[in-house]
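One structure below.
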Amino acid sequence: MSLLILGGCASGVNRLPQITTAPDQVYRLAAGDEIRITVYGFDSITNTYVVSDTDSISLPLLETITVGGLTPALLEQAIAERLRSRDLAPNPSVSVQVQKTRPFFILGEVQRPGQYPYVPGMTLLTAVSIAGGYTFRAQTHAAEMRRAQNGVHQHGRADPNTPVLPGDIISVWEKSF
């Protein structure tokens with residue numbers, strides 16, 4: 001009876017839909033990202049900020065700005081527009097750089113489950129490698145992945161070459177014997 005249950009669990013990942021990645025591959029800000037904002041002539045605004053769990057940052061003189069889903073370039077435009085609309089600067093020079101991205105999470109049948117820094121260009125296989133590799137019980141051809149991208153939450157199957165994005169939660173399942 002227990003083999004039947006294990007077999008059902010292990011094949012469950014294969015029944016999940018394939019996880020998808022947005023075609024634009026432009027980095028979008030979300031909670032947990034650390035960004036550096038530089039505004040020429042505004043030392044009070046120039047600083048490093050961490051995007052809050054409400055996807056926002058608070059800037060001196062400009063109050064709270066919702067940044068979740070914006071690219072760094074769109075945030076530059078939003079800050080410049082706020083400075084112009086408040087007559088603080090007619091032609092502001094704004095720069096936004098991502099200093100540190102939010103981590104990805106991996107659990108289940110890997111040697112060291114946990115939270116790890118995101119590395120650009122990651123795949124499921126490189127994420128597993130960062131976590132010390134598979135355990136001997138691991139299902140190695142697919143894993144479960146949860147992703148929130150541009151406000152859309154996905155839950156699906158990831159193959160070894162599936163791209164991993166910041167904030168992804170990966171579950172490596174046990175194989176059936």
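The values are calculated or read from the model by the stated rules, or taken from the named source; none is laboratory data. This is a predicted model, so every value here is computed, not measured. Note: ideal-geometry Cβ built from the backbone for every residue, glycine included; neighbour counts use all protein chains shown. What goes into the accessible areas is simple: the full protein's heavy atoms, side chains included, and nothing from ligands, DNA or RNA. Shrake-Rupley method; radii C 1.70, N 1.55, O 1.52, S 1.80 Å.
Looking across region 82-98, the residues that are within 16 Å of Tyr40 (Cβ to Cβ) and in a helix (DSSP H, G or I) come down to Arg82, Leu83, Arg84. Checking Val164, Val110, Val152 one by one, the residue that is open to solvent by less than 70 Å² (accessible area, probe 1.4 Å) and closer than 24 Å to Asp53 by Cα is Val164 and no other.
Consider region 68-89 and keep the residues that are surrounded by fewer than 17 Cβ atoms within 10 Å (Cβ to Cβ) and among the acidic types (Asp, Glu). The one that is nearest to Thr38 (Cα to Cα) is Glu81. Going by the structure shown, is Val26 among the β-branched types (Val, Ile, Thr) and in contact (Cβ under 8 Å) with a residue 60 or more places away in the chain? Judged against the criteria, Val26 is not a match.
In region 75-95, the count of residues that are touching an Asp or Glu at 6+ places or on another chain (Cβ under 8 Å) and modelled with pLDDT of 90 or more is one or more.
When region 115-146 is filtered for residues that are in a strand (DSSP E or B) and either on the phi > 0 side of the Ramachandran plot or surrounded by 15 or more Cβ atoms within 10 Å (Cβ to Cβ) (or both), the ones remaining, listed by number, are Tyr116, Thr123, Tyr134, Ala138, Ala143, Glu144, Met145, Arg146. Evaluate region 100-112: report whether one residue or more is assigned to a loop (DSSP other than H, G, I, E, B), within 22 Å of Tyr27 (Cβ to Cβ), within 15 Å of the chain's Cα centre (by Cα) and hydroxyl-bearing (Ser, Thr, Tyr). Yes, region 100-112 contains at least one residue that is assigned to a loop (DSSP other than H, G, I, E, B), within 22 Å of Tyr27 (Cβ to Cβ), within 15 Å of the chain's Cα centre (by Cα) and hydroxyl-bearing (Ser, Thr, Tyr). Of all residues in region 23-46, exactly one satisfies the criterion of being under 22 Å from the mean Cα position of the chain (by Cα) and polar (S, T, N, Q), namely Gln25.
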